[in-house]
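Report on the following structure.
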Amino acid sequence: MLRRLPLVALTGAALVLSACSGGTDAATPDPTDTAANADKTVTMWVAGGDTPDELRTYLTDTFKERTGATLAIEEQSWGDLIPKLTTALPDADNTPDVVEVGNTQSPTFTNVGAFMDLTDMYDELGGDKLLQSFVEAGSVDDTKYALPYYFGSRYMFVRKDLWKEAGVAEPTSLDEFNSAVATIAQDNPRDIKNFSGFFIGGQDWRNGISWIFANGGDLAKKENGQWVSTLADPSSVKGLEQLQKIYQDASQAPADAKDQSPWLYINDSDTITDDNGEAAGKTSLAAATIMAPGWAHWSIGELAEKDGEQVREWDDSTFGVFPLPGTDGNPAPVFAGGSNIAVSAQTKNPELAKELMRIIFSEEYQKMLGGAGLGPANSDYVSSLGDDEFAQALIDSASNSKLTPAAPGWAAVESALVLEEFFGKIRDAKDLTALAQEYDAKITPMLNAQ
Amino acid sequence: MRRHRTSRVLLSVLALVVSLVWAFPVYWMLNSAFLPNVVLQSTTPTFVPFGGSLRNFSAVVDDPAFLRALGVSLVVTLTTVVAAIVVAFFGALAISRFRFRGRSSFVLALLLIQMLPAEGLFIAQYKMMSSLGLLNHALGLAVLYTAAVVPFTIWMLRGFVAGVPAELEEAAMVDGLSRTQAFLRITFPLLAPGLVASGVYAFLQAWNEFTVALVVMTAEDSRTLPLWLRGFVQASATRETDWGQVMAASTLVAVPVIVFFLVVQGRMSSGLVGGAVKG
Amino acid sequence: MSSRSSRRLPYLLTLPTLVLLLAALGYPVAWQLVTSLRRYGLMQQFGAPAPWVGVDNYVALVTDPSLWTVVVRSVVFCVVTALVSVVVGGLIALLMDAVPRWARLVLQVCLLVAWAMPIVAAMTVWVWLVDWRRGVLNWLLVEVGVESAYGHNWLAQPTSFFVIASAIVVWMSVPFIALSVYAGLTQLSPDVLEAAQLDGAGWFRRLRHIVLPLVAPVISIVLLLQLIWDLRVFTQIKILQDAGSVASETDLLGTYVYRLGTGTGDFGTASAVSVLMLVLTIALSWYYVRSLMAQES
């Protein structure tokens, strides 16, 4: 066993060596010297299949053209991203140079020095025009480590037909929304079993926190350099009370449902036909409203045949979208989904990696993101999302979007599924404040742990 | 006699019911592989894939990553199977044919090693493979897999080795065969079921494993089939998983194992932990 | 063949195994032991020095009641699941022995096919089958008249969560057990059984006094392996947790270690749990290991 121990020393030495060569190199290599870069390869990890193929091709082609070096884009699946980054990022020999990371996962890595300091190129890449909640999630105090890659904030998808049958109009304030969905659930215009006016899973905290945010509450705040969980603050509790009423009166979702595939509940899935081929009316429709990230509209609609395959086709007369209204006439602050992008601190090609960042934050690429339905990082280019109702709802809801706290231990809170547990207990809680205090006590120490 | 026949019929019916329970999830995978995603989301189950298509399968096979992963998996699995059989055979020979100092510690170690919990080892495994330059290397992964299956395969094989009387070999040697010849002509054929059974075990483990592979096979083109399958399941945060395709992909991953099983089936069931019976 | 070389032979034969195990497991296991004695979090993983803390990680663990809840839960789950698996597997093996050839073949093929199913696929299918909304289980229950099963969520309550989890693990383990025990049964001499039958011994008595003692070695090794494997069960629980349930109420040791390590980045404590888990497995199976070792010498 002892025979293997020198490996540790070896790896350690490699780390030190590469750190030196990165830091003391006087003549910074020119990233655009195409001949000198010809045999270099920069690796970029993208998470999941969310970056479409055309965008990947654009990146590799442009990178080759600009630098002469090869860009290898490798896709890592979302579920395995954290363990893979944990092992590969500190390994100078095998680290990816540029990585995409979930926006709320960023603090885990920024706080331990996994990423290269990008403060000096922050303005060049867009500066204040970049989505600030994401920039904040990727910063430690004023040092910028991870920058926004794309976003998609959450808004409401409704069955216009059901809202109309229940005689309820589109709400203009949070209170109106809360009572509207309860009315629809009680009215249940089509007598559907287990029908929800608004389907929100018991453990679906990513949507549920909108009610905390909308009432001026927050998940945590930094006090005297320490993070403190604030679920039991009066404004947070006010939001939780409204949410509790929704769970009790408007939603039939199970207490342990999360935010996966909520569109199943507002789609008409199957129509049972009787002997005469007439629809006998049994469908899987179970909700009038859901809340989901903007890209959910790709999965919502009437069944249609396209190239011989059954797909969903959005239909304006049945379905509609609007941002969750806030308490002040503006859209409510909602949780924004999406990714950040960063350069590994151990990269052997810092200049090339930075050049790749320039390409990603270029006007052309930002517009391509928008064209693919992903909210671009730079607010100058959000118009590239188009001017349909989805783009509108996305831009409106993002205008006021928020993220989870940039605390070093945030990822620990998420992976321990503490919030899932807390939200799952809201519906049946007798004393919400006590419940919130109980979970504040659990979360606060986790937030500051490294 | 009559009672005897009725009970045989009843038992056969029971056997069919049990078969159904074990086969149903497999059938469900196959069934879903032919159906489009929207049908799979319906609240009323579709039991027979009428109106289904091979579309899911063709989508999977057209993915160049599938063939690449198939290649990696074949290399890793076959290397593991061969290496495990050879190494385990030597080990089994040692503990069943010889009494030597340290023998019982060796046997005990084989048992205890199987109790090591694996979930906490991944950082160390990564560090080790990285410093040896074996990340993304099919052979490196095969070494880890072989080490994982060898303790159990030795255990399986020892009974078979013990079951072949050493006198047989000696008799052959008296007839003028060398020790090696005697071994190859007499002992080896008798061991075949045991070797097949351990081979199957090693094959199954190496073919389906994904936690270790996840850690040491980081590059996209060195992924094994289970990793590729997993990537397929969690393809995207922005679009829905196409479950029909996932099931088609799963079916394709399972087919080589099933074929392999059916080929060696006759020999295997007689070989399966025959070792323990005789041990 | 000199006597010296034949004395060396067994060591030469064990050499490949030893080298292989040392190469593949030596460093990781040593790392785990060492790490369990240090403060080792993400900071340390990214290069910060890892201070020695002695047995602090262990002390923190054994004084944390939540660990003991998980331990008790895991042991109960493991023992129940392993016993059920072995009993069901053994009964199926007897069934295989008793039915005509064609029925045995059908049964064997079905078991093999189930065994061959990739775990990701098997779990996906099982999650579908027990889904609260579109699962076949609830659909079937409603069809046979259990109206309250409509929309029932099996994973929400820890008790039914573990029943489902246990059923899945049993389903996955039984093929191996049934085929092994059946292999053991085929080794029994039919003469002995026939003689017993002629003596008028009933089915149950024959099973208890003749069959069971003869297949006991197979059963004991299979049970030992099941105990070891079921205590470490991870993938099935993780995937079921992702599908529903309250994680902290359904954690078993495997998911607990994973959550500490990968989730919170506390590798020091996670390593300590792993070491404790090893000790626990050894303790749990000590009786068996000792009796197996006694047969050895």
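Tabulated data
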{"quantity": "Fraction in percent of alpha-carbon pairs per bin - 5 Å, the range B:19-68", "calculated": "4, 19, 24, 20, 17, 11, 5, 0"}
{"quantity": "Within a Gaussian network of chain A (alpha carbon springs, distance under 10 Å), most fluctuating of A:D141, A:D256, A:D128", "calculated": "A:D141"}
{"quantity": "Footprinting exposure proxy for C:D97, C:D230 (fewest neighbouring C-beta atoms within 10 Å first)", "calculated": "C:D97, C:D230"}
{"quantity": "Assigned charges on the beta-carbon of Lys, Arg, Asp, Glu; the protein assembly as shown dipole about Cα centre (debye)", "calculated": "6180 debye"}
{"quantity": "Whole-Hz couplings from phi, Karplus 6.51/-1.76/1.60, listed for the range C:130-137; x for Gly and Pro", "calculated": "9, 4, 5, 10, 10, x, 5, 4"}
{"quantity": "Karplus (6.51, -1.76, 1.60) ³J(HN,Hα), θ = phi - 60°, over the range A:342-359, in Hz, Gly and Pro reported as x", "calculated": "8, 9, 5, 5, 9, 4, 8, 10, x, 5, 5, 4, 5, 4, 5, 4, 4, 5"}
{"quantity": "Order of B:L10, A:L435 under a 10 Å beta carbon neighbour criterion, fewest first", "calculated": "B:L10, A:L435"}
{"quantity": "Model label zone, B:E170; criterion: amide N under 19 Å from point 7 Å along Cα-to-beta-carbon; scope the range B:83-111", "calculated": "B:93-100"}
{"quantity": "Where labels lie 7 Å past Cα in the beta-carbon direction, separation of A:D39 and A:S362 in nm", "calculated": "2.7 nm"}
{"quantity": "Residue-by-residue Karplus 3J(HN,Hα) for the range B:196-211, coefficients 6.51, -1.76, 1.60, Hz, glycine and proline x", "calculated": "4, 4, 5, x, 4, 4, 4, 4, 4, 5, 5, 5, 9, 5, 9, 5"}
{"quantity": "Charge dipole of chain C about the Cα centre (unit charges at C-beta), most positive-ward option of C:G254, C:T264, C:Y27", "calculated": "C:Y27"}
{"quantity": "For A:A220, residues with placed amide H under 5 Å, excluding near neighbours", "calculated": "A:T230"}
{"quantity": "Amide H contacts under 5 Å for A:E75, placed H, 5+ residues apart", "calculated": "A:V46"}
{"quantity": "For A:K348, A:K306, order by how many other beta-carbon atoms lie within 10 Å, fewest first", "calculated": "A:K306, A:K348"}
{"quantity": "Computed over chain C: relative contact order in percent, which uses C-alpha pairs under 8 Å that are six or more apart", "calculated": "28 percent"}
{"quantity": "Debye log10 I(q)/I(0) at q = 0.06 Å⁻¹ for the protein assembly as shown, Cα point scatterers", "calculated": "-0.49"}
{"quantity": "Computed FRET value (nearest 0.05) for A:E65 with B:L67, which takes r as the C-beta separation and R₀ as 30 Å", "calculated": "0.50"}
{"quantity": "Cross-link partners of A:K367 among lysines (Cα-Cα below 16 Å; sequence separation of 8 or more within a chain)", "calculated": "A:K129"}
{"quantity": "Separation in nanometres of the label points that stand 7 Å from Cα toward Cβ, at B:V21 and C:L141", "calculated": "1.7 nm"}
{"quantity": "Longest to shortest principal axis, alpha-carbon extents of chain A, angstrom", "calculated": "75, 55, 49"}
{"quantity": "Long pairs among A:K348/A:K402; A:K64/A:K402; A:K258/B:K127; A:K160/A:K238; A:K348/B:K127; A:K144/A:K222, criterion Cα-Cα beyond 27 Å", "calculated": "A:K348/A:K402; A:K64/A:K402; A:K258/B:K127; A:K160/A:K238"}
{"quantity": "Placed amide H near A:T43: partners under 5 Å, 5+ positions off or other chain", "calculated": "A:A72, A:D97, A:V98"}
{"quantity": "Residue with peak Gaussian network fluctuation, chain B [Cα springs, cutoff 10 Å], from B:F89, B:F152, B:F50", "calculated": "B:F50"}
{"quantity": "Whole-Å distance, taken between Cα centres, linking the range C:146-163 and the range C:242-267", "calculated": "22 Å"}
{"quantity": "D_trans [Stokes-Einstein, Kirkwood Rh over alpha-carbon pairs] for the range B:57-278, 37 °C, 0.692 mPa s, µm² s⁻¹", "calculated": "169 µm²/s"}
{"quantity": "Shape of chain C, Cα gyration tensor, a/c cut at 1.5", "calculated": "oblate"}
{"quantity": "Spin-label model distance (nm) - A:S261 vs A:S179, 7 Å beyond Cα toward Cβ", "calculated": "3.7 nm"}
{"quantity": "Pairwise FRET efficiency - C:T235 versus B:V263, Cβ, R0 = 22 Å, nearest 0.05", "calculated": "0.20"}
{"quantity": "Charge dipole (debye, nearest 20) of chain A; +1 at Cβ of Lys and Arg, -1 at Cβ of Asp and Glu", "calculated": "1380 debye"}
{"quantity": "GNM result for chain C, Cα springs below 10 Å: residue of C:G202, C:G261, C:G89 fluctuating most strongly", "calculated": "C:G202"}
{"quantity": "Linear extension gain, A:D268 paired with A:D30, 0.36 nm per residue minus alpha-carbon span", "calculated": "79.9 nm"}
{"quantity": "Estimated FRET transfer efficiency (C:W102, B:R101; beta-carbon r; R0 60 Å; 0.05)", "calculated": "0.70"}
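Each value in this text was obtained by applying a stated rule to the coordinates, not by laboratory testing. Everything quoted here is computed from the prediction, not taken from an experiment. Note: ideal-geometry Cβ built from the backbone for every residue, glycine included; neighbour counts use all protein chains shown.
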